[in-house]
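Colleague: Structure in structure tokens, see below.
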Amino acid sequence: MRILVTGGVRSGKSAHAEALLRDRDTVTYVAPGPMPSADDAEWAARVAAHRARRPATWTTRESTDLGDLPGGSVLVDCLGTWLTAQLDELGAWEANAASTWRTRFDARLDAAVTAASTAADLVLVTNEVGLGVVPEHASGRLFRDLLGTVNQRFAAVCDEVHLVVAGRVLVL
């Protein structure tokens, strides 16, 4: 089973993804995004809420390397925070057109999608960000466009895609 769970902010996608694996004895929860800093209490509270919901038998792995997914049941939450971490690490937010960040990003994405395509029991969580307003800033447009590409690439290797809206799930 490989499932991509997508939806808007606070739609219930993480809770749905966790419920898909709730009956598994062991799950590796991969948190691939930036870790909370001391000066961001709101982000720290979000991370703490996610940690508190996880069963005690689940193992957490905080890593931005999705090209090396563990075996067994795996939940990755979320591809949007993974993308943010990649853009941070590559210095892509302010990169110019001559920068080589895109080649390095594409290699990381290829490795991550390949790992996902061979996983036996995987649930990926991502965000839908391209359904409305065009972002005012170039960095917002970059993120939106790349996340759309990331979502398409992972969806292509998944057995199902679940869209979560207002806590309701639509299997696409």
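The values are calculated or read from the model by the stated rules, or taken from the named source; none is laboratory data. Treat the numbers as computed from the prediction; the structure is a model and nothing was measured. Virtual Cβ from ideal backbone geometry, glycine too; neighbours counted across all protein chains shown.
Colleague: When residues of segment 10-56 are filtered for being among the aliphatic types (A, V, I, L, M) and in contact with a Leu (Cβ under 9 Å, 6 or more places away or on another chain), how many remain?
Modeller: So the count comes out to 5.
Colleague: Can you tell me which condition residue 90 does not meet? The list is (1) modelled with pLDDT of 90 or more; (2) surrounded by 16 or more Cβ atoms within 10 Å (Cβ to Cβ); (3) under 23 Å from residue 128 (Cβ atoms), and all the others hold.
Modeller: (3)
Colleague: Going through segment 117-137 one residue at a time, which ones are of a type in the set (Asp, Glu) and surrounded by 16 or more Cβ atoms within 10 Å (Cβ to Cβ)?
Modeller: Result: 121, 128.
Colleague: Same structure, new question: Filter segment 109-158 down to the residues that are assigned to a loop (DSSP other than H, G, I, E, B) and among the acidic types (Asp, Glu), then identify the one that is modelled with the highest pLDDT.
Modeller: Per the criteria, the residue is 128.
Colleague: Out of the residues in segment 93-116 meeting the condition of being buried (at least 16 other Cβ atoms within 10 Å of the Cβ) and either more than 20 Å from residue 27 (Cβ to Cβ) or without any contact (Cβ under 8 Å) to a residue 24 or more places away in the chain (or both), tell me which one is farthest from the chain's Cα centre (by Cα).
Modeller: Only one residue fits best here, namely 101.
Colleague: List the residue pairs whose Cβ atoms are under 7 Å apart, where the first residue sits in segment 2-23 and is touching a residue at least 24 places away in the same chain (Cβ under 8 Å) and closer than 12 Å to residue 166 by Cβ, the second is among the aliphatic types (A, V, I, L, M) and in a loop (DSSP other than H, G, I, E, B), and the two are 6 or more positions apart or on different chains.
Modeller: Note: pairs meeting the criteria are 11/166.
For (1) under 22 Å from residue 14 (Cα atoms); (2) β-branched (Val, Ile, Thr); (3) touching a Ser or Thr at 6+ places or on another chain (Cβ under 7 Å); (4) surrounded by 15 or more Cβ atoms within 10 Å (Cβ to Cβ), each residue gets a yes or a no:
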residue	(1), (2), (3), (4)
79	yes, no, yes, yes
139	no, no, no, no
148	yes, no, no, no
153	yes, no, no, yes
169	yes, yes, no, yes
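Colleague: Continuing with this model, one more query. Report yes if residue 75 is within 14 Å of the chain's Cα centre (by Cα), at pLDDT 90 or above and under 17 Å from residue 153 (Cβ atoms), otherwise no.
Modeller: no
Colleague: Do you know which residues across segment 41-62 are acidic (Asp, Glu) and surrounded by 11 or more Cβ atoms within 10 Å (Cβ to Cβ)? Give the steps one after another, and end with the answer.
Modeller: First, pick out the residues of segment 41-62 that are acidic (Asp, Glu): 42, 62.
Once the filter is applied, which keeps residues that are acidic (Asp, Glu) and surrounded by 11 or more Cβ atoms within 10 Å (Cβ to Cβ), segment 41-62 yields only 62.
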